[in-house]
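The values are calculated or read from the model by the stated rules, or taken from the named source; none is laboratory data. Every value quoted in this text rests on a predicted model; they were computed, and no experiment measured them. Don't worry about glycine lacking a Cβ; one is built from the backbone with ideal geometry, like all the others, and counts go over all protein chains shown. For the accessible areas, the whole protein counts, side chains as well, though only heavy atoms, and no ligand, DNA or RNA atoms are used. Shrake-Rupley method; radii C 1.70, N 1.55, O 1.52, S 1.80 Å.
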Amino acid sequence: MMKNLFIRFGFLAILLFLMSSCGHKSTTPKRLDIPTGVVSVDTVAHPSEAIQCHVHVEFAYLKGNKYAVANDSLLRMGLLQPDYFAINYDKLTPQKAIPTFVRQYIKDYIEIAQLIRQREKSKSQLIGELSIKTELRASIDNYVTALSHISINNGNGQLTKYTIVRNFNIKDGHITTLQEQFGKDYKEKLTKEIIERIADQEDLEEDDLTGLQAKGYFTGIAPYPSDNFILTDDSTVFIYTPGEINQKEVRVAIDN
């Protein structure tokens, strides 16, 4: 009798554990088992009392010659804004490209700021600031997720922050697309799930577009899955930048 009781208790414990595991996916990020490095540049240009530009960049990259192609692609993905390297045909390395990017940004900013001062003849100062910090995370299969956290002040005192995400193959730098991951009907399928998730976040009784638009989402535009997404084994997180579908940044996670 006692033996049967222990057997039943053990079975119940295992069953409860399995049920708990099915209901809660692990939130621990998968480790990126690839050596990485960071190129950092922090500088301030101060051509006059009225004009100043501070640029800070921390750019993460993959270490090793075998990742040269991936790193070249990494610099052309739009993680750096403005995207100076998108149509550059030279071979790029983070060590050379990041200082070049910083110099070009400062040059452009100062030229524009000087034109504004000449036109408006204003006594107000134009104190600009750009901060870019990228990070690399493990994704699915041979892919790595690159995130770029950008903060920019064009000198008008208004700070804008947003995040850019790309998922790329470490072998050739290829950026994966939603169609490659979810099939040709990805737009309809993902859009439906995104609407449901946002409706849940807003505690709407019905998962309908009208209710979301009343809350300030997708006003005047059709819903869509963002190309800005974090891809993991378990889920996909869509990131909409401020002003894209709402005044604030919106993140929507769906199960894969």
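The residues of segment 99-210 have, on average, 59 Å² of accessible surface per residue, using a 1.4 Å probe with all protein chains present. Calculated from the structure at hand, P(r) over Cα pairs in 5 Å bins from 0, in percent is found among (1) 1, 5, 12, 15, 17, 15, 12, 9, 7, 4, 2, 1, 0; (2) 1, 6, 11, 14, 13, 11, 8, 8, 7, 7, 5, 5, 3, 1, 0, 0; (3) 1, 5, 10, 13, 13, 13, 12, 10, 8, 6, 3, 2, 1, 1, 1, 0, 0, 0, 0 as (3). A probe of 1.4 angstrom, applied to the heavy atoms of all protein chains, finds Val44 with accessible area near 80 square angstrom.
Tell me the GluC sites (Glu not before Pro) within segment 176-256 that lie in a loop according to DSSP and have at most 12 other beta-carbon atoms within 10 Å.
Values: sites: Glu180, Glu188, Glu193, Glu196, Glu202, Glu205, Glu206, Glu244, Glu249; in loops: Glu202, Glu205, Glu206, Glu244, Glu249.
Answer in residue order: Glu205, Glu206.
Specify the angular offset, from 0 to 90 degrees and rounded to the nearest 10, of the alpha carbon long axis of helix 94-120 from the longest principal axis of the alpha carbons in the chain. With rounding to tens, the tilt is 60 degrees. Ordered from highest to lowest accessible area with the whole protein assembly present and a 1.4 Å probe, Arg137, Arg76 read as Arg137, Arg76.
According to the square roots a ≥ b ≥ c of the eigenvalues of the Cα gyration tensor, what is the shape class of segment 74-219, taking rounded for a/c under 1.5, prolate for a/b larger than b/c otherwise, and oblate for the remainder? Cα axes put segment 74-219 in the oblate bin. Seen through its C-alpha gyration tensor, with square-root eigenvalues sorted a ≥ b ≥ c, segment 147-256 comes out oblate because a/c lies at 1.5 or above while a/b is not bigger than b/c. Per-residue surface analysis assigns Asp83 an accessible area of about 60 Å², computed on protein heavy atoms at 1.4 Å probe radius. Computed with every protein chain present, the accessible area of Arg117 is close to 70 Å² [probe 1.4 Å].
Taking the protein heavy atoms of segment 166-235 in the context of the full set of protein chains, the accessible area attributed to carbon and sulfur is 45 percent at 1.4 Å.
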